[in-house]
1. Distance from the Cα centre of segment B:63-128 to that of segment A:92-130, in angstrom?
2. Ordered by packing density, taken as the mean number of other Cβ atoms within 10 Å over each peptide's residues, highest first, how do B:196-208, A:79-91 rank?
3. For chain A, with equal point scatterers placed on the C-alpha atoms only and solvent neglected, what are the log10 I(q)/I(0) values from the Debye formula at q = 0.12, 0.13 1/Å, to two decimals?
4. Put A:Asp423, B:Asp294 in order of accessible area, largest first, 1.4 Å probe: what do you get?
5. Amide H to amide H, which residues 5 or more places from A:Phe38 or on other chains are under 5 Å from it, using H placed in the peptide plane?
6. Which parts of segment B:73-96, residue by residue, lose 30 Å² or more of accessible area when the rest of the protein chains are there, as against the chain isolated (1.4 Å probe)?
7. Expressed as a whole number of Å, what is the distance separating the alpha-carbon centroids of segment A:256-305 and segment A:232-253?
8. Stokes-Einstein diffusion coefficient for segment B:320-422 at 10 °C in a medium of 1.306 mPa s, Rh from the Kirkwood formula over Cα pairs: what value in µm²/s?
Amino acid sequence: MAHVLHSEKAASTNPLKSSQPLGAAFAFLGVDGCVPLFHGSQGCTSFALVLFVRHFKETIPLQTTAMDEVATIMGGADHLEEAILNLKSRTKPKLIGVCTTALVETRGEDFAGDLAMIKARRAEVLAGTEVVLAATPDFNGSIEEGWSKAVVSMIDGITSRVSPRRNPRRIAVLPGFDMTVADIEEIRETIEAFGLEPTILPDVSGALDGTVPGKWIPTTYGGTSVEDIRSLGEAVHCLAIGENQRAAAEKLAEVADVPYTLFSTLTGLKPYDRFVTALSEISGRPVPAKLRRQRSQLADALLDGHFHFGGKKIAIAAEPDHLYRLATFFAALGAEVTTAVTTTSGSAILRKVPVDEVHVGDLGLFEKLAGGADLLVTHSHGRQASEHLGIPLFRVGFPIFDRLGAQHRCHVGYRGTRDLIFDVANVFQSNLHEPTPEGLNPFARRESDHDSRPSPEPRRH
Amino acid sequence: MLSPKVQNLFDEPGCDKNQAKDEKARKKGCSKPLTPGAAAGGCAFDGAKIVLQPITDVAHLVHAPLACEGNSWDNRGAASSGPMLWRTSFTTDLTELDVVMGQGERKLYKAIREIVEEHAPPAVFVYETCVTALIGDDLDAVCRHATDKFGVPVIPVHAAGFVGSKNLGNKLAGEALLDHVIGTHEPDDVGPYDINILGEFNLAGEFWMVKPLLDELGIRIRACIPGDARYLDVASAHTARATMMVCSTALINLARKMEERWGIPFFEGSFYGVADTSDALRQIAKLLVARGADAELIDRTETLIAREEAIAWARLEAFRPRLEGKRVLLNTGGVKSWSIASALMEIGIEIVGTSTKKSTDEDKARIKQLLEDEHKMFEGMAPRDLYALLERHDADIMLSGGRTQFIALKARMPWLDINQERHHPYAGYDGMVELVRQIDIAIHNPVFVEVNEPSPFDADGTVIGEKVIGLSRRSAVAAEPPLPVPPPPGGRGLVGMGSSQSFGRADVGGFSGFGAGSPTAGAPSSSPPSRGRDREGGVGLSADGELATHTHKKFAASGAGDADDC
């Protein structure tokens, strides 16, 4: 059982987390024909938008209610209404996902009430466009919370309470923000191999996979359809991936009586065995040979790869579910997670991370604790720590803005885990030191307190 | 407390546009009011950070909940020749509890102390944001107290996001420097060749392409605000003899007030483009001489200009054969618009349009003169219209900022970043050559030929392009010799050739000649290849193992699918 430690510092240095509203917008972006709308000053939207663009290398539809000083004091309902109407007329979205920011939440208003009134008053104009609300002030939480709230709001606001009947082949899948486009595609392929029809909510694989359409489209194009969200109650079972998705799964169970099974991670042999077994149970079909072969390949990769992992020290900084997923992956290969830093403390998964201590903190703390590690694992903002410490950085999560193709790396499932083993092992292999007389001199090593290795030169990564 | 300051900024004698307004219009400020649902520009906090963050040795502390700093840090392209503290992100990361319990000020004070103790910076800049302004945290008091206690200047920057646009934030940052920084340090090496440069950000290190020119002339940059700046230099800026203002819309208030307060004359110039770089050097020399420098500076400047221009034009001419007649669309702000346009036109490039959204009237007049066609100037273009223009291929390349990058790319049109996120330096004579070189590389990149050719498959997947094998169904049946071994019953058709239509699949392991004449060709697609043993390459073998073609043999020999049962 890991202990969760909090920092007492007043200044956060090199923040690890991205904000809750951004997490909610991220989830909304996985829905077809959607424009997420931040309720706050325009800077909030601009910053999130630029960060999304840097990560996905795509235009991102994201709008603002453009609150100013006066509107903040007087109340933002007018701005909210105007924004929704403008969005409707200019972009004709199928869904507007409203995310509140710290500014409007500090002022404190009855957003749900205001929104209900707007929807009632403008029912005719807004016909064909769903509008849902996620309360996501950035003085709480981070990406995971925002993501969860957005998905809960969609199920709560759109999923029909009256299911005509269960479709025995239909299942609902609730992934976390850390699933890339390629991860989602892998999950989908696995599920379809059993003859099942997954509705993945949200589905970034259709919306943020980076394609060149033939025309200019002002909303998201691709992703979960609003219709599919509406009919989600027809699903015979729900698979939630990541502890953070429990709330949404519970909501679906409450709204439409769909039972769920939660998988804390889908990276790794045992975790995916569980997933595949569940699919076999739901579909009543045996596991296809293709999957069995992939499993065998993974077993082979574990054997080939373990040489590079056993005894290695890994420092990880990530959101709670993502941290759990990464830490269990490394632990399963015999590596030791010597530093674990995360963004917020609320998640039940943190106690299960295979480390002694999980620190709630920032990348400044991460840099202080990670000295002596063989690998840093976090998003692009870890690059300064990597430079200062001279330790290679393996980029995961969000945001990754200084490398291409992050969205198309698959690290879940048998194949994805296999590839992850190769990717990480290759980082180790490309950073091997040549042995030197100084480095191996037993007397020199005896004097130092630290690990016996030649002092690393700062590397560029 | 903020309002009078902001109001004050709305009255700017140094700005023509501003003075042309009547009093009432002036009071409303520079930006148009934002439209909810149709805006996505940056806020005042963003603008303030842009101006101040490149000051390299200062600790920049954002007093806010997470998003303001957390979503935006380490995204500046400015470069430093030394200290890197500016790249470290500090924020008080206010929680709900902090806000509700009114602990913001105390947390801020503590944060400042932590930073001073750990990093010993020459100064700390503290940025106010929407939430901290709303809850009324007294930034000035905390900063004053901290300055006294820790003996380090702690500067409050009042530019909360919701007070206005990015541009307003630029100006508020300038005000913060005037109120608290400039004039607080007396250097001991004041001289007649000292200048300030305002609004130069040293993006991608480009100022380092210009500084050597000034060094050669013996001109010393007292303070470059903010590119590659040091706090003490900024604090000494009041001792310079002349100021060059690079981006007027951002820091006109700073330049004008420095003139008022310390008698430092300023001019507006740019280092983008050959003519502009020369002009800037001339103006600097002129002002310095007017303020007492030896007049021979002017001759030396002209000599340098002549030499550098000759080199630059010679290098640029080399690009003429490759770029003459190419059409460039400029979609960027103010200063860059006309000076770059004129340089490009010098080597035969055609400017098909330029945005004048952020241009002053003077800029606009110059552009009009240059382009001779008013229709080529546009205020701003909606993404949809921009996309349409590019899709029609009315231009060969667009030069703009990152926000419109994907419009060009989705229209499969070459694009070059000339704004703050760029990775290439474009200032000075060498910078102009570099810009043209990058345009050349971008326009001629073969990917644009490839992606602009239509796909050989239509939206239903039918092959509409040139055939590879050149077979039609009938001729295929006639051409192939009959197979000695028919495929096993049960529809084990051709691997990867489920449909009878896909004759274009010659790439699948050399199956090209195989099976085209088989009995199953033309039949509805058989069941998908069975899994497991019959993997790709494991072709259905008849019981006696007779192989039809060498292809069979090759794949059977590889052992694919035989050893492992998973």
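1. Computed from Cα coordinates, the inter-centre distance equals 33 Å.
2. B:196-208, A:79-91
3. Each listed q corresponds, in turn, to -1.05, -1.20.
4. Accessible-area ranking of A:Asp423, B:Asp294, largest first: B:Asp294, A:Asp423.
5. For A:Phe38, whose amide H was placed from the backbone, the distant partners under 5 Å are A:Gln63, A:Thr64, A:Thr65, A:Cys99.
6. For segment B:73-96, once contacts with the other chains are taken into account, B:Trp73, B:Asp74, B:Asn75, B:Arg87, B:Thr88, B:Ser89, B:Thr91, B:Asp93, B:Glu96 lose 30 Å² or more.
7. Centre-to-centre (Cα) distance: 18 Å.
8. My calculation gives 117 µm²/s for D.
The values are calculated or read from the model by the stated rules, or taken from the named source; none is laboratory data. Remember, it's a predicted structure, so these values are computed and weren't measured experimentally. Positions of Cβ are generated from backbone atoms using ideal geometry, with glycine treated the same way; all protein chains shown enter the neighbour counts. Accessible surface is based on the protein model in full, side chains and every heavy atom, while ligands, DNA and RNA are left aside. Shrake-Rupley method; radii C 1.70, N 1.55, O 1.52, S 1.80 Å.
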